[in-house]
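Take a look at the structure below.
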Amino acid sequence: MMVAIGKGFRRAARALGLILALSLGTAAAQADTYPAWQAYERGDYALALQLFEPLARAGDADAQYGMALLLSDGLGVPQDRTAAVHWLEQAAAQGHDQAMVNLGFHIDLGLGVPRDRDLAEQWYAQAAQMGNLMARNNLAYMWALDRRNLDEALRIMRDVVALAPHESSYLDTLGWVYYQMGRFQEAVGPICDAVTLDPGHPELRAHLGDVYWQLGRSFDAQYQWQRGLDLLSAPEALSETGADFAEGLGAEIAAGLQQRLRNGLPYEEHSPGAAGQAESLSPSLPDECSIPVA
């Protein structure tokens with residue numbers, strides 16, 4: 001799953017306010033913006049805005065990134081995705097890798113700007129070259145969606161998950177690469193772990209349902225697809241990252257889930273489902289993923 005850096009993450013990581021831990025690592029090296037990041041961390045967004053804004057207008061890339069986070073999530077200011085994109089563009093143009101990822105995420109989901117997957121991929125690729133884990137995740141996820149560069153995507157995601165083994169977005173991407181390679185038994189564990197870590201994300205539910213379907217576990221698949229659809233109808237139940245996806249891609253995700261619930265999915269060649277078999281699940285999976293629904 002693609003994710004943007006916000007307060008601590010995938011994000012996973014991630015939603016537009018999920019990667020503060022990482023952003024603070026960069027901010028700590030920026031003496032001018034450090035007090036603003038401290039205010040952000042403790043939730044004093046009005047002070048963070050007061051400290052970030054003059055620095056951002058003076059051209060400080062880290063402050064511009066901070067302004068983008070406040071505006072994108074509506075922290076201390078009315079939410080304004082378009083204004084957030086403006087500041088992200090300014091910071092990304094100066095080589096701020098976290099801004100590059102977040103800019104790509106906004107463009108990828110059409111948050112404040114028209115969707116443009118090619119442009120989003122360019123930003124992810126630039127940040128990935130700088131070693132940014134989230135960018136590497138998002139790049140690998142885009143490749144997996146298109147079923148291209150799957151061997152390279154798998155190599156990247158094994159490395160990323162080894163460095164951040166409890167990030168739901170990274171786990172989901174690893175599982176989705178396995179899925180697109182037809183390695184469904186290897187896919188179910190990481191995607192189940194992702195859902196366990198972020199149960200309020202409709203796309204993760206859709207992915208887990210898809211894997212179950214290919215494993216011949218149609219009842220479990222339908223349960224996860226329905227849970228994803230229910231989340232889209234209950235904004236209060238969405239996780240922060242899930243809410244970003246619902247804002248940008250909610251109609252598309254809902255249509256896909258409704259289609260799955262009506263007709264299922266085409267079986268992939270050599271999948272257990274195609275053979276009319278129901279594959280057993282590992283007993284090491286969390287309860288929600290290991291206890292049959294039916």
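The values are calculated or read from the model by the stated rules, or taken from the named source; none is laboratory data. Just so we're clear, the structure is a prediction, and the values are computed from it rather than from any experiment. Because the Cβ atoms are built from the backbone with ideal geometry, glycine has one as well, and the counts that use them run over all protein chains shown. What goes into the accessible areas is simple: the full protein's heavy atoms, side chains included, and nothing from ligands, DNA or RNA. Shrake-Rupley method; radii C 1.70, N 1.55, O 1.52, S 1.80 Å.
Below are the figures for this structure:
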read-out	value
Helices (runs of 4 or more DSSP H) (entirely within the range 52-168) containing at least 3 residues that are polar (S, T, N, Q) and within 27 Å of PRO199 (Cβ to Cβ)	none
Residue within the range 276-289 that is of a type in the set (A, V, I, L, M), touching a Ser or Thr at 6+ places or on another chain (Cβ under 6 Å) and at pLDDT below 90 present	yes
Qualifying positions in the range 249-294 - among the acidic types (Asp, Glu) and touching a Gly at 6+ places or on another chain (Cβ under 8 Å)	GLU268, GLU269, GLU279
Set LEU111, LEU70: member being farther than 20 Å from MET157 by Cβ, open to solvent by less than 20 Å² (accessible area, probe 1.4 Å) and within 18 Å of the chain's Cα centre (by Cα)	LEU111
So ASP44, is it surrounded by fewer than 22 Cβ atoms within 10 Å (Cβ to Cβ), within 22 Å of ASP32 (Cβ to Cβ) and acidic (Asp, Glu)	yes
Residue in the range 93-101 that is out of contact with any Phe, Trp or Tyr (no Cβ under 7 Å at 6 or more places or on another chain) and farther than 29 Å from LEU174 by Cα present	yes
The range 187-219: number of residues that are surrounded by fewer than 24 Cβ atoms within 10 Å (Cβ to Cβ) and over 20 Å from the mean Cα position of the chain (by Cα)	4
Residue in the range 183-225 that is nearest to THR241 (Cα to Cα), counting only those that are of a type in the set (Gly, Ala, Ser) and out of contact with any Ser or Thr (no Cβ under 7 Å at 6 or more places or on another chain)	ALA206
